[in-house]
Protein chains: 2
Amino acid sequence: MTDPHRSPLAVMLPKLEIWTALDEEDRAALVSLPYRTRSFAPAQYIVRQGDKPESSCLLLSGFAFRSKIVRDGGRQILAFHMRGDMVDLQNSLLGLADHNVQALTNIEVALIPREAILEAAAARPRVARAMWHDTLVDGSINREWATNIGRRDATARLAHFLCEFALRLELAGLGELCNYELPMTQEQLGDCVGLTSVHVNRTLKGLEASGLITRTVRMVRVTDWAKLAEVGDFNSAYLHVDLKGRSIDPPARTEA
Amino acid sequence: MTDPHRSPLAVMLPKLEIWTALDEEDRAALVSLPYRTRSFAPAQYIVRQGDKPESSCLLLSGFAFRSKIVRDGGRQILAFHMRGDMVDLQNSLLGLADHNVQALTNIEVALIPREAILEAAAARPRVARAMWHDTLVDGSINREWATNIGRRDATARLAHFLCEFALRLELAGLGELCNYELPMTQEQLGDCVGLTSVHVNRTLKGLEASGLITRTVRMVRVTDWAKLAEVGDFNSAYLHVDLKGRSIDPPARTEA
DNA sequence: GCATCGTGCTAACCTGGATCAGCCCAATTT
DNA sequence: AAATTGGGCTGATCCAGGTTAGCACGATGC
């Protein structure tokens with residue numbers, strides 16, 4: 001058996017193993033899935049709404065995002081993805097893409113045939129469970145985003161987003177909680193929190209003026225995490241990750 | 001082997017079998033899952049955010065909904081559920097409830113221990129796949145809702161919701177596409193599309209004034225489905241159901 | 001060297017939907 | 001039959017965020 005940690009596919013393992021214990025054979029099965037790598041330039045489509053994708057893709061480097069377009073041309077960004085994320089289990093397993101998947105930066109992905117994934121899942125219950133769990137967490141994040149968009153004001157929405165992104169980056173080893181780079185433009189930020197780029201700009205400056213963050217180009221430095229998390233009504237529970245006892249969430253809200 | 005269609009749990013089968021072919025043994029495994037039934041009155045909690053639910057619940061009759069509460073007391077409704085829906089695979093499999101589940105009307109549910117579900121999934125790949133698929137579709141609906149809330153105006157949001165609910169009711173055998181009962185108040189409707197009940201009221205009257213629907217008490221009669229679907233930017237693809245060739249979606253949008 | 005383009009940023013104005021305050025009616029309760 | 005309650009409904013006013021129309025600046029191209 002080859003060392004499961006040698007293959008480029010090994011970047012998917014840490015995230016899956018947060019939730020489901022895998023043994024060496026499970027890891028080997030995942031890592032020896034057939035794949036081919038491909039590169040995409042910023043804004044290039046990996047999957048378009050309406051496609052019938054035959055493979056799912058694992059993000060090896062760079063950032064990608066998923067989106068939907070509404071009739072009048074508006075766009076809703078549904079998720080950002082980073083190294084180690086299985087970007088498109090959704091579309092590929094459902095058979096019909098209900099949303100777009102695009103590169104945000106230059107990216108490299110491993111395309112894994114849908115059938116191979118299904119076979120691995122059918123053969124190994126823990127592999128199935130790990131991937132199922134991954135889609136459940138994806139759903140949980142989606143629910144939090146819907147809540148963010150539907151029921152928080154602009155300041156809270158952005159603060160919440162900044163907290164989530166910071167934490168995900170740090171967990172993926174791509175940045176620090178209080179000092180990281182945002183790979184998206186303010187317009188893309190707006191499309192993800194349901195605001196216009198103009199208002200994103202205003203609101204970010206507001207967060208800066210309140211002394212919660214400072215920014216240079218696209219670097220964000222969180223100068224007061226506790227307040228940012230409070231303003232953003234951020235509680236990491238919905239990410240279902242193990243913080244190993246670190247306390248980053250604001251104290252429990254008082255019952256109304 | 002007992003007839004799989006005798007058990008109350010059999011109500012879950014049609015939905016699962018839309019997506020995944022099951023054989024008699026798969027059905028028998030699902031239907032013979034251990035369970036106990038319970039009733040809930042309107043507004044009663046089945047699961048609260050923060051709970052560690054030990055069972056998942058299958059809705060046998062009535063309507064339920066899932067929601068999150070934000071700091072200032074606002075509520076976002078994330079999903080409505082009807083007979084045959086597995087209401088809480090999300091929370092129970094993730095182990096920690098990231099949202100509330102409540103009865104909307106009087107309901108009867110079958111509570112199925114989480115471990116029994118996981119064992120059935122581990123033992124039978126098709127059962128695992130069917131339930132995984134169910135959560136994928138749930139995620140797809142969530143993405144569409146996020147888009148609805150984030151990027152459509154009040155009229156489109158409500159029109160979209162009315163179309164989705166109509167179709168889901170009809171597929172569950174609980175109403176007709178163009179004539180059905182809405183089980184929720186206008187305030188609950190507002191909490192699901194990100195509006196206030198006041199504006200829901202005005203907007204519904206607007207839809208009525210435009211001749212797309214008529215209403216009596218909570219009955220909705222869709223008088224012009226094609227226009228309602230167009231106004232609501234509704235395309236049923238995201239529900240991933242088989243319409244058996246019926247054409248209910250507006251013609252493909254023209255590229256901008 | 002000059003043009004173009006993408007992105008951040010800003011100011012002035014406008015509007016969709018929130019907020020507030022209240023009425024009406026039917027169903028319960030007492 | 002009076003009182004209460006929960007929805008639906010309405011008008012008046014307000015404001016968060018959208019819209020429009022720019023400018024500034026650096027990167028890229030000819």
- Task: Find the relative contact order for the range B:54-190 and round it to a whole percent, using C-alpha pairs within less than 8 Å whose residues are 6+ positions apart.
- Result: 24 percent
- Please state the relative contact order of chain A as a whole percent: Cα pairs under 8 Å, 6+ residues apart? 18 percent
- Query: What is the calculated FRET efficiency for B:SER197 to B:GLU54, with r their C-beta to C-beta distance and R₀ = 45 Å, to the nearest 0.05?
  - Reply: 0.80
- Positive dipole terminus of the protein assembly as shown, leading residue within A:ALA122, A:VAL220, B:TYR45 (C-beta point charges): A:VAL220
- Message: Placing unit charges on C-beta atoms (Lys and Arg positive, Asp and Glu negative, everything else neutral), compute the dipole magnitude of chain A about its Cα centre in debye, rounded to 20.
- Response: 560 debye
- Item | Of B:CYS192, B:LEU171, B:ALA209, farthest towards positive along the dipole that unit charges on Lys, Arg, Asp, Glu beta carbons give the range B:171-223 | B:ALA209
- Message: Shape verdict for the range B:31-118, please, from the Cα gyration tensor: rounded (a/c under 1.5), prolate (a/b greater than b/c) or oblate.
- Response: oblate
- Angle, helix A:154-171 long axis vs. longest principal axis of chain A, Cα atoms, 0 to 90°, nearest 10? 40 degrees
- At 20 °C and 1.002 mPa s, what whole-number value in µm²/s does Stokes-Einstein give for the translational diffusion of the protein assembly as shown, with Rh from the Kirkwood sum over Cα pairs? 91 µm²/s
- Message: With +1 on the Cβ of every Lys and Arg and -1 on the Cβ of every Asp and Glu, and nothing else charged, how large is the dipole of the range A:128-240 about its Cα centre, in debye rounded to the nearest 20?
- Response: 180 debye
- Which distances, shortest first and in nm, link A:THR223 to the matching position in the other copies, using label points set 7 Å out along Cα to C-beta? 5.9
- Query: Hey, can you rank B:212-219, A:82-89, A:104-111 by average C-beta count inside 10 Å, highest first?
  - Reply: A:82-89, A:104-111, B:212-219
- Item | Highest average packing first - A:229-242, B:126-139, A:192-205, B:171-184, Cβ atoms within 10 Å | B:126-139, A:229-242, A:192-205, B:171-184
- Query: Which whole-Hz ³J(HN,Hα) couplings does the range A:89-105 yield from phi under the Karplus relation 6.51 cos²θ - 1.76 cosθ + 1.60, θ = phi - 60°, glycine and proline marked x?
  - Reply: 4, 3, 4, 6, 7, 6, x, 10, 6, 9, 7, 8, 10, 9, 6, 9, 10
- Message: Let me check against my output: what whole-number percent is the relative contact order of the range B:115-256, with C-alpha pairs under 8 Å and at least 6 apart?
- Response: 24 percent
- From DSSP H assignment alone, runs of 4+ in chain B each adding -39500 (n - 2.57), the sum over residues rounded to the nearest 500 puts [θ] at 222 nm at -12500 deg cm²/dmol
- Task: Give me a single rounded figure for A:96-103: the average over its residues of other chain Cβ atoms within 10 Å of their Cβ.
- Result: 3
- Task: Can you bin the range B:133-256 into rounded, prolate or oblate? Criterion: square roots of the alpha carbon gyration tensor eigenvalues sorted a ≥ b ≥ c, rounded for a/c under 1.5, prolate for a/b above b/c, oblate for the rest.
- Result: rounded
- Rounded if a/c under 1.5, otherwise prolate or oblate - the range B:176-218, Cα gyration tensor axes: oblate
- Teacher prompt: A:ARG202 distances to equivalent labels in other copies, 7 Å Cα→Cβ, nm: 2.0
- Sorted from shortest, what are the nm distances separating the label point of B:ALA21 from equivalent points in the other copies, each placed 7 Å from Cα along Cα to C-beta? 3.6
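Just so you know, all these numbers are worked out from the coordinates, no wet-lab data involved. Remember, predicted model here, so these are calculated numbers, not experimental data. Positions of Cβ are generated from backbone atoms using ideal geometry, with glycine treated the same way; all protein chains shown enter the neighbour counts.
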